[in-house]
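Working notes, beginning with the structure itself.
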Amino acid sequence: MAEVVLDRVDKTAEILEQIKETIAEKKVELIHLQFVDMEGILKNITVTVEQLDDIAAGKQMFDGSSITGFAPIDKSDLYLQPDLNTFAVIPWTIEENYAEARFLCSVMNPDGTLYEGDTRNVLQKTVARAEEKGYSICIGPELEFFLFKADEYGNPTAELADHAGYFEPSPKDLGERVRLEIYRALKAMGFTIEASHHEVGIGQHEINFKYADALTAADLATTFKWVVKTVASQFGLYATFMPKPVFGICGSGMHVNMSFFKDGENAFYDPADGLQLSSTAYQFIAGLMENVKNMAAVTNPLVNSYKRLVPGYEAPCYIAWSASNRSTLIRIPAKKGMATRVELRCPDPSANPYLTFAIIAEAGLNGIEKGLQPCDPINEDIFHMTEEQRAERGIENLPESLEQSVQLFEQGTIGQETLGEHVFSEYVKVKKAEWESYRTMVHTWEIGNYKNKF
């Protein structure tokens, strides 16, 4: 055991030395310590580079009582432990003799243990549980976003940045230049970008980055949203990951592609099977099918999320799976072998990536542990089935509102098992308050439909 600890210390020292070399080369003066609140909103503390050794040792304290879902005021002292692997120089801060950098951090208790209210720590616990079963988790998320024109104060207007359609190039795709700068910034921060294109909705875009282990994938997704928003603002635009910002066109999803690996091999792949899926993959799919209703409050966390999950706009709203059918909730992409994966299509990009990846992985593990078997795949277009036809096939709906999702979240077990008591209870509290605020608010639709009529 002593040798393992020593190796870890040596590796940390080596990484820290490399970071110091980069800091000297790029003339970094300020370091941003980033972490997320319970809803996945990025937070930030800025310190000087002279404090690097103390920072790396986890000595930066902050007041947790002011962060959504964190500590009560009588237990507010928390610490930030940077993940040295997340160090990156921030591209848009680089000048001739000046630059800034960042770390993503886990939140720690004063005694050095992982803070239970930190959602990054929630995911780390899921990763550890999978490892106990012999699995490593690989994830490739696909985040869509919209670009709106911003006003003089940087706030979004109702005007979309372009009117292009799916895969259309310039001159119709006015977001092409913005995506190029986003690509450059992401690449400079260590991303491997695989594709970039205009999406189906006007003003809607997608940039895909390479898959990674679960924790890294969540870090990348969090960083991605920050970079997209920052670069867009430099063009006088506002990027939003709101699931359904415009009525009448497709909303934005965050499709989550997940694989489990065991002993260096893809545990979802079996060349002897008709679909080239292993028994583990089928059990994983069954676990998702069984738990998806009870975890929708995490994967689709906003009132607005359920405006996306309606028929007619390509978003999955029916619980079914298929090897290729894009109208189903769960799809198995065509690439097999080491690339075999299960794609869950309901999550949206407003979701906290750490909680979302954790609860999807836990649902799949649940299916594997119980030896569950999925129902038959649905290979027909579900969107064009009648209600009676769906009922005959046993195809159920996803929850239709945040209220319904939170109720199912409370009734099920997957939420509390994954999030832990603290995050679970705080999450339910915040989401109930969000629904109550929406429920009691008088909306524009009501004014337009009722004010002059009654």
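Some observations on this one:
- Selected residue [polar (S, T, N, Q), in contact with a strand residue (DSSP E or B) (Cβ under 9 Å, 6 or more places away or on another chain), crowded, with 16+ Cβ neighbours inside 10 Å and more than 24 Å from Ser324 (Cβ to Cβ)] from Ser350, Ser401: Ser350
- Residue list for segment 77-119, filter: open to solvent by 10 Å² or more (accessible area, probe 1.4 Å), more than 21 Å from Thr230 (Cβ to Cβ) and assigned to a helix (DSSP H, G or I): Leu84, Asn85
- No other residue among Ser65, Ser106 is in contact with a helix residue (DSSP H, G or I) (Cβ under 6 Å, 6 or more places away or on another chain) and without any contact (Cβ under 8 Å) to a residue 40 or more places away in the chain apart from Ser65.
- Summed over segment 411-452, the residues that are closer than 21 Å to Thr356 by Cβ and either touching a Leu at 6+ places or on another chain (Cβ under 7 Å) or of a type in the set (D, E, K, R) (or both) give a count of 10.
- Matching residues, segment 406-446, being open to solvent by less than 20 Å² (accessible area, probe 1.4 Å), touching a Lys or Arg at 6+ places or on another chain (Cβ under 8 Å) and either in a loop (DSSP other than H, G, I, E, B) or not hydrophobic (A, V, I, L, M, F, W, C) (or both): Gly412
- Residues of segment 293-336 satisfying the condition of being assigned to a helix (DSSP H, G or I) and either of a type in the set (Phe, Trp, Tyr) or open to solvent by less than 20 Å² (accessible area, probe 1.4 Å) (or both): Met295, Ala296, Ala297, Val298, Thr299, Ser305, Tyr306, Arg308
- Residue tally, condition among the hydrophobic types (A, V, I, L, M, F, W, C), out of contact with any Pro (no Cβ under 6 Å at 6 or more places or on another chain) and more than 18 Å from Ile182 (Cβ to Cβ), over segment 83-115: 8
- Screening Asp376 with (1) acidic (Asp, Glu); (2) at pLDDT below 90; (3) open to solvent by less than 30 Å² (accessible area, probe 1.4 Å) gives one miss only, at (3).
- The residue that is surrounded by the most Cβ atoms within 10 Å (Cβ to Cβ), among those in segment 129-147 that are out of contact with any strand residue (DSSP E or B) (no Cβ under 7 Å at 6 or more places or on another chain) and either assigned to a strand (DSSP E or B) or touching a residue at least 60 places away in the same chain (Cβ under 8 Å) (or both), is Arg129.
- Cβ pairs under 6 Å, 6+ apart, first in segment 287-303 and over 8 Å from Leu402 (Cα atoms), second open to solvent by 10 Å² or more (accessible area, probe 1.4 Å) and assigned to a helix (DSSP H, G or I): Gly287/Asn366; Lys293/Leu408; Asn294/Leu408
- Considering only residues in segment 57-90 that are among the acidic types (Asp, Glu) and farther than 27 Å from Ile23 by Cα, the one that is modelled with the lowest pLDDT turns out to be Asp74.
- The set of residues in segment 16-41 being under 22 Å from Arg120 (Cα atoms) and without any contact (Cβ under 8 Å) to a residue 12 or more places away in the chain is empty.
Residues are listed down the side, and each one gets a yes or a no for (1) assigned to a strand (DSSP E or B); (2) open to solvent by less than 40 Å² (accessible area, probe 1.4 Å):
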residue: Thr12; (1), (2): no, no
residue: Glu17; (1), (2): no, no
residue: Lys20; (1), (2): no, no
residue: His32; (1), (2): yes, yes
residue: Met38; (1), (2): no, yes
residue: Glu50; (1), (2): no, no
residue: Met61; (1), (2): yes, no
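The values are calculated or read from the model by the stated rules, or taken from the named source; none is laboratory data. Small disclaimer: the values here were computed from a predicted structure and weren't measured. Here Cβ is always computed from backbone atoms with ideal geometry, including for glycine, and neighbour counts include all displayed protein chains. With ligands, DNA and RNA removed, areas are computed over all heavy atoms of the protein, side chains included. Shrake-Rupley method; radii C 1.70, N 1.55, O 1.52, S 1.80 Å.
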